[in-house]
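Novice: Sharing a structure with you now.
The values are calculated or read from the model by the stated rules, or taken from the named source; none is laboratory data. Keep in mind that this is a model prediction, so the values were computed, not measured. Counting neighbours? That spans all protein chains shown, and the Cβs are built from the backbone with ideal geometry, glycine included.
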Amino acid sequence: MSKSCSVLIDNEPYHFDVDGDFFWGEQYLLFNEASSPISKMKWKDKGFGIIQAFTDSEFRNLKNSITQNIIKALKVHVSDFDAHNFSLDKYHDVVTTNALHNKVIDITRNLENSDFDFDIETLVQRFSEVLGFQFTSYIEELEKTHIQIRISRPNSLDINPPHRDSYLSYYQNIINIWIPIHGCNSLSSLPVLPGSHLIPENEILRTESKGAKINGNTYYVPCILKTKEGNMHLIRPNPKEGEALVFTPYLIHGSAVNKNSDMTRVSLELRFPRLHD
């Protein structure tokens, strides 16, 4: 069944159609503050915070490694690709169809630590120190590390629907880290719904996992259509280069529409599980 998902992002309305079967959950709160990796943070009630994550040289190295990963994915599918003159912000000039974009992101959303010429483990230790718990980059249920490069072309539906990562079992005991790489600003960065990790399931209308389809694409994460309060009012925290948006997987986020007129947005998503004693 097709429904219109209507959200406000920084008070601006957005609409897109979602195909799926929607239902209200049970009277149960999934988030548990006592065991949450954000329980020591002043922003635990908001569910998200911005943390300084990189030195200038570290960020340059990471951005270069991400660029090389995207170039590698493009070379697989674009025969006449000019890697020497490629820039992240003009990705949409190279990838002009949804079909080609989907082939590229099939590669860039399924990366591991070994795909990067950057020491991801330094970030594991850094966030462990900031949050006050020990983390790892290895996700046991997936039996691997898992890194996603997100690429959003201007004025496109290169988005995830509003969702919680915690609906996927392997993302329940983690910390989400969203890192702006290029083209991330007040028109394009990741929207979140402050405090939404504290909303019980009976106040959320959603699909099952792999139960939502937007523009012909099926998503692993369920689509949250609305809450008991109605359409959702999201905000873009908009971290700067070198910073990271850190949030609990129980926080509602998504619909990262890129409203820049001629600039592709590139970001990096890391998920670090908490190690328990």
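Novice: Hey, does segment 87-104 have a residue that's surrounded by fewer than 16 Cβ atoms within 10 Å (Cβ to Cβ), polar (S, T, N, Q), under 21 Å from the mean Cα position of the chain (by Cα) and part of a helix (DSSP H, G or I)?
Specialist: Looking through segment 87-104, at least one residue is surrounded by fewer than 16 Cβ atoms within 10 Å (Cβ to Cβ), polar (S, T, N, Q), under 21 Å from the mean Cα position of the chain (by Cα) and part of a helix (DSSP H, G or I).
Novice: Going through 46, 63, 40 one at a time, which residue ends up being touching a residue at least 24 places away in the same chain (Cβ under 8 Å), assigned to a helix (DSSP H, G or I), more than 25 Å from residue 208 (Cβ to Cβ) and among the basic types (Lys, Arg)?
Specialist: Every option except 63 fails the conditions.
Novice: I'd like the full set of residues that are assigned to a loop (DSSP other than H, G, I, E, B) and either within 21 Å of residue 179 (Cβ to Cβ) or of a type in the set (Asp, Glu) (or both), limited to segment 133-156.
Specialist: Listed by number, the residues that qualify are 133, 134, 136, 137, 140, 141, 142, 143, 146, 153, 154, 156.
Novice: Considering only segment 105-131, state which residues are not in a loop (DSSP other than H, G, I, E, B) and not hydrophobic (A, V, I, L, M, F, W, C).
Specialist: Correct list: 106, 108, 113, 114, 115, 121, 122, 125, 126, 128, 129.
Novice: Given the condition over 13 Å from the mean Cα position of the chain (by Cα), under 17 Å from residue 48 (Cα atoms) and not in a strand (DSSP E or B), answer yes or no: does some residue in segment 210-230 qualify?
Specialist: no
Novice: Further question: Condition check: more than 30 Å from residue 97 (Cβ to Cβ), at pLDDT 95 or above and in contact with a strand residue (DSSP E or B) (Cβ under 8 Å, 6 or more places away or on another chain). Does residue 252 satisfy that?
Specialist: Working: more than 30 Å from residue 97 (Cβ to Cβ): yes; at pLDDT 95 or above: yes; in contact with a strand residue (DSSP E or B) (Cβ under 8 Å, 6 or more places away or on another chain): yes.
Spelling it out, residue 252 is indeed more than 30 Å from residue 97 (Cβ to Cβ), at pLDDT 95 or above and in contact with a strand residue (DSSP E or B) (Cβ under 8 Å, 6 or more places away or on another chain).
Novice: Can you tell me which residue among 36, 4 is modelled with pLDDT under 95, polar (S, T, N, Q), in contact with a Phe, Trp or Tyr (Cβ under 9 Å, 6 or more places away or on another chain) and more than 30 Å from residue 117 (Cα to Cα)?
Specialist: 4
Novice: Select, from 177, 159, the only residue that is part of a strand (DSSP E or B), more than 26 Å from residue 27 (Cβ to Cβ) and touching a residue at least 60 places away in the same chain (Cβ under 8 Å).
Specialist: On inspection, the qualifying residue turns out to be 177.
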